[in-house]
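Worksheet for the structure shown next.
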Amino acid sequence: MEYGKKIKLLSGVIILLLAIYIIGTVFSAGNINRRRAAQLIFDRPTINRISAIRVDLDAGAGALLMQKENGRWFYTHNGIKYPAAEARIENFIDTISRLAKNQIVGTNPRSWERFDLAEGESRDAFFYDSSNNKLFSLHVGRRGPEGRGEYIRTSLSDEVYLIDSPILRFFIADMDFWSNLRVLPENIDNTTITAVRIRTDNEFEERLAMLNFSMREGDANNNFDWQDASGRTINRNTSNMLLNNIASLVGESFSEDFIIDRNGEIEIETVYGRFIIDIKLLEERNVLFGIRGGGFRYNASFFRIGRILNPVREIIEELN
């Protein structure tokens with residue numbers, strides 16, 4: 001009986017010591033700090049509710065409000081609604097969703113000025129839900145020691161964090177950074193184009209020879225190749241280069257100007273319909289282009305059109 005009591009007592013002591021060890025391990029300062037460092041700044045339900053973002057533009061150009069409508073992102077400028085770069089916005093949201101409280105360097109608004117986080121000094125972004133209710137704001141200050149990391153704060157607390165993930169890159173940008181400047185619909189690629197016709201006038205002579213060129217997809221022994229208007233087979237690599245360059249054409253900025261006197265056009269037939277891209281040559285090796293009858297025109301450097309026309313020259317030289 002005495003022996004049994006000793007066993008029970010010894011077992012109780014062991015359990016007590018084990019409990020003390022576990023509590024000490026779990027609640028030690030080091031473990032508390034590690035768990036806090038892994039804690040995300042924004043919770044997932046809040047991130048999932050983001051449907052609008054107002055972000056600072058570069059060089060004091062004001063702010064840009066981007067809104068999600070029917071699953072797509074847009075912004076409005078001068079009363080015109082433009083498509084926004086959805087992949088870039090989603091990348092921005094994903095980046096902030098992974099921000100963690102790695103290092104707290106301040107817990108009082110009086111410390112904000114030291115990190116360029118006081119009002120008027122930081123770069124700011126504001127996030128809203130679908131009813132335009134503010135969810136939170138994010139403020140980015142100066143870079144960390146030796147240019148590593150960035151100091152940030154949010155509207156959710158007075159704490160200042162030094163983060164590793166670069167986020168200032170989303171703020172050092174202008175409106176074009178947030179714009180979707182692809183000319184043709186996303187579903188147009190080299191596999192959906194079935195015919196191409198390119199025409200230019202004599203204004204192109206100084207930059208590129210005049211062109212009157214067309215090609216279509218031909219079917220020879222169930223092997224699809226591209227042919228010119230005379231039925232001559234075109235080198236597949238060159239034709240694919242031309243088709244890819246047409247399908248991926250992007251502008252460098254939106255333009256509110258209209259194309260009145262065009263100097264060229266690129267007409268394509270696709271499985272989704274026909275599109276004509278009108279081209280106007282501008283001064284200083286710039287161009288203005290857009291889909292005929294579409295809502296948007298684009299400014300760009302001439303090389304964006306030249307990379308389409310240059311393969312045409314190669315095709316003509318190969319055929320001759």
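Where the second residue is open to solvent by 70 Å² or more (accessible area, probe 1.4 Å) and modelled with pLDDT under 90 and the first is over 13 Å from residue 178 (Cβ atoms) and lies in region 53-69, which pairs have Cβ atoms under 9 Å and are six or more apart or on separate chains?
Between residues of region 53-69 that are over 13 Å from residue 178 (Cβ atoms) and residues that are open to solvent by 70 Å² or more (accessible area, probe 1.4 Å) and modelled with pLDDT under 90, the close pairs are 59/174.
So, in region 241-258, of the ones that are touching a helix residue (DSSP H, G or I) at 6+ places or on another chain (Cβ under 9 Å) and within 27 Å of residue 81 (Cβ to Cβ), which residue ends up most open to solvent (accessible area, probe 1.4 Å)?
Looking at the filtered set, the residue picked out is 252.
Are any residues in region 254-291 basic (Lys, Arg) and modelled with pLDDT under 95, and if so, which ones?
Hits for region 254-291 are 262, 285.
State yes or no: is residue 119 open to solvent by 60 Å² or more (accessible area, probe 1.4 Å), of a type in the set (Asp, Glu) and outside any loop (DSSP other than H, G, I, E, B)?
Against the criterion (open to solvent by 60 Å² or more (accessible area, probe 1.4 Å), of a type in the set (Asp, Glu) and outside any loop (DSSP other than H, G, I, E, B)), residue 119 does not qualify.
When you go through (1) over 17 Å from the mean Cα position of the chain (by Cα); (2) farther than 13 Å from residue 173 by Cβ one by one for residue 61, which number turns out not to apply?
(2)
Is there a residue in region 181-196 that is assigned to a loop (DSSP other than H, G, I, E, B) and either farther than 30 Å from residue 267 by Cα or touching a Pro at 6+ places or on another chain (Cβ under 8 Å) (or both)?
There is no residue in region 181-196 that is assigned to a loop (DSSP other than H, G, I, E, B) and either farther than 30 Å from residue 267 by Cα or touching a Pro at 6+ places or on another chain (Cβ under 8 Å) (or both).
Among the residues of region 64-76, are any surrounded by 11 or more Cβ atoms within 10 Å (Cβ to Cβ) and over 20 Å from residue 296 (Cα atoms)?
Among the residues of region 64-76, not one is surrounded by 11 or more Cβ atoms within 10 Å (Cβ to Cβ) and over 20 Å from residue 296 (Cα atoms), which makes the answer no.
Given the condition closer than 22 Å to residue 225 by Cβ and surrounded by 13 or more Cβ atoms within 10 Å (Cβ to Cβ), answer yes or no: does some residue in region 269-292 qualify?
Within region 269-292 (the criterion being closer than 22 Å to residue 225 by Cβ and surrounded by 13 or more Cβ atoms within 10 Å (Cβ to Cβ)), the answer is yes, since at least one residue qualifies.
Within the group 225, 261, 189, which residue is under 30 Å from residue 81 (Cβ atoms), surrounded by fewer than 17 Cβ atoms within 10 Å (Cβ to Cβ), of a type in the set (Asp, Glu) and without any contact (Cβ under 8 Å) to a residue 40 or more places away in the chain?
None of the others qualify; the one that does is 261.
Between residues in region 307-320 that are more than 12 Å from residue 246 (Cβ to Cβ) and residues that are of a type in the set (Lys, Arg), which pairs lie under 7 Å by C-beta distance while being six or more apart or on different chains?
Short answer, once both residue conditions are applied: 319/232.
Taking region 234-271 on its own, how many of its residues are among the small types (Gly, Ala, Ser), part of a loop (DSSP other than H, G, I, E, B) and over 17 Å from residue 310 (Cβ atoms)?
The total comes to 1.
Filter region 137-186 down to residues that are surrounded by fewer than 17 Cβ atoms within 10 Å (Cβ to Cβ) and in contact with a Lys or Arg (Cβ under 6 Å, 6 or more places away or on another chain), then give me how many there are.
0
Out of the residues in region 79-97 meeting the condition of being surrounded by 11 or more Cβ atoms within 10 Å (Cβ to Cβ) and over 17 Å from the mean Cα position of the chain (by Cα), tell me which one is farthest from residue 69 (Cα to Cα).
From region 79-97, those surrounded by 11 or more Cβ atoms within 10 Å (Cβ to Cβ) are 80-86, 88-93, 95-97; that's our starting set.
Next cut, over 17 Å from the mean Cα position of the chain (by Cα) only: 80-81.
On the way: 80: 15, 81: 11 Å.
So the residue we want is 80.
Are any of the residues in region 101-115 of a type outside the set (D, E, K, R), farther than 16 Å from residue 154 by Cβ and either in contact with a Gly (Cβ under 9 Å, 6 or more places away or on another chain) or open to solvent by 60 Å² or more (accessible area, probe 1.4 Å) (or both)?
Within region 101-115, not a single residue is of a type outside the set (D, E, K, R), farther than 16 Å from residue 154 by Cβ and either in contact with a Gly (Cβ under 9 Å, 6 or more places away or on another chain) or open to solvent by 60 Å² or more (accessible area, probe 1.4 Å) (or both).
The values are calculated or read from the model by the stated rules, or taken from the named source; none is laboratory data. From a predicted model like this one, the values you see are computed outputs, not experimental measurements. A quick note on method: Cβ atoms are made from the backbone with ideal geometry, for glycine too, and the neighbour counts reach across all protein chains shown. To get the accessible areas, we keep the full protein, side chains included, count just its heavy atoms, and leave off ligands, DNA and RNA. Shrake-Rupley method; radii C 1.70, N 1.55, O 1.52, S 1.80 Å.
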